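Here, each number is a calculation from the coordinates, and none is a lab measurement. Worth saying up front: this structure is predicted, and the values here are computed from it rather than measured. Note that each Cβ is placed from the backbone with ideal geometry, even for glycine, and that neighbours are counted across all protein chains shown.
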Amino acid sequence: MKIDLVDLRLFVHVAECSNLTHGAGRAFLSVSAASARIKAMERETGQQLFLRGNRGISLTSAGEVFLRQARLVLRQMDFLADEMLNAEVGHIRLYANTTAVTEFLPEILALFLSDRPGVTVDLQERLTNDIIRSVVDGSADMGIISGEVGNDGLEAIRFSTDRLMLAVPNNHPLSSHDRVQFRQTLDFEHIGLHEGSTLLDFLRHQFRRNGYNRTLRIQVRSFEAMCRIIEAGVGIGIVPESAARRHVQTMDIKLLELEDDWALRDRSVLVRSRKSLPRSALTLIEMLIKTGAGGGRP
């Protein structure tokens with residue numbers, strides 16, 4: 001097929017924008033040139049790749065396949081440039097859960113990027129299922145999740161553990177305990193994170209399993225805000241140990257271990273294939289492993 005890299009980049013831009021005009025603009029092409037290139041791609045593949053409508057365009061099933069493969073080809077070209085230039089350059093797309101984005105990745109990425117001026121990172125907070133799907137289809141190079149890893153054909157690299165703990169006010173009825181089971185907490189109001197956070201999604205599953213059907217008392221944007229609301233006596237909440245240990249030093253709260261098996265989860269980096277990653281991505285994975293093994297915040 002006579003399809004070049006300009007065509008592939010255009011296709012990806014248009015597919016991600018669901019709009020020919022916006023996609024053409026991202027590719028620095030006129031709308032007429034972009035339209036001609038897309039029609040040429042459809043002739044070359046013998047497939048209709050887009051459905052055109054009054055509200056924009058959407059991918060056909062063949063277009064979904066083409067998008068997945070186009071992303072992989074473009075990423076491999078970036079990786080090739082990285083290797084041939086003999087320097088750590090390029091762009092890493094990293095999707096991660098709430099705890100990773102807010103608790104330990106900022107410090108690790110700051111250290112990682114300070115020595116690599118040629119590398120850029122696109123870090124996005126996503127739900128676990130979105131992270132897995134994005135790594136599978138090539139829209140993300142790496143994903144960081146906590147908990148069990150499904151059989152999705154991905155390579156999972158464990159680098160640390162994620163322990164969830166219960167934070168309560170120091171004068172709370174549960175504060176006399178050091179350890180509790182999750183079901184013991186269900187008689188009390190719970191504080192949660194914002195909609196779209198991975199931890200909230202995970203805990204809602206545990207709430208449903210245990211018959212807790214009340215609305216969360218309040219939802220906040222950060223673990224610090226959660227702990228301050230708990231300190232004020234509004235409710236109790238489940239937070240990662242890394243955040244809990246930091247905030248208990250400055251707030252009037254107590255931390256209790258959860259006896260449930262699900263409270264201790266593995267943290268893993270997901271990739272399609274470790275061998276195919278560029279040097280910069282491999283270095284970042286090694287930093288995560290080293291930090292986790294050394295008892296750091298991850």
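Tabulated results
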| read-out | value |
| --- | --- |
| Value of relative contact order over the range 5-80, rounded to a whole percent, pairs C-alpha under 8 Å and six or more apart | 30 percent |
| Calculated from backbone phi, Karplus (6.51, -1.76, 1.60) coupling profile of the range 158-170 in Hz, x at Gly/Pro | 6, 10, 5, 10, 10, 9, 9, 10, 9, 9, 9, x, 5 |
| The chain - percent relative contact order, Cα under 8 Å, separation 6 or more | 21 percent |
| Protection proxy ranking, peptides 164-175, 17-28, 208-219, average beta carbon neighbours within 10 Å, highest first | 164-175, 17-28, 208-219 |
| Candidate lysines - alpha carbon under 23 Å from residue 39, same-chain residues fewer than 8 apart omitted | 2 |
| DSSP-defined beta bridges in the chain - what % are antiparallel, rounded to 5 | 60 percent |
| Highest-fluctuation residue, 276, 61, 134 considered, GNM on the chain with Cα pairs under 10 Å | 61 |
| Cα centre as origin, Lys/Arg/Asp/Glu Cβ charges: the chain dipole, Debye | 640 debye |
| Residues whose placed amide H lies under 5 Å from that of residue 220, excluding near-sequence neighbours | 192, 193, 194 |
| Proxy reagent accessibility, fewest Cβ within 10 Å first, across 78, 115 | 115, 78 |
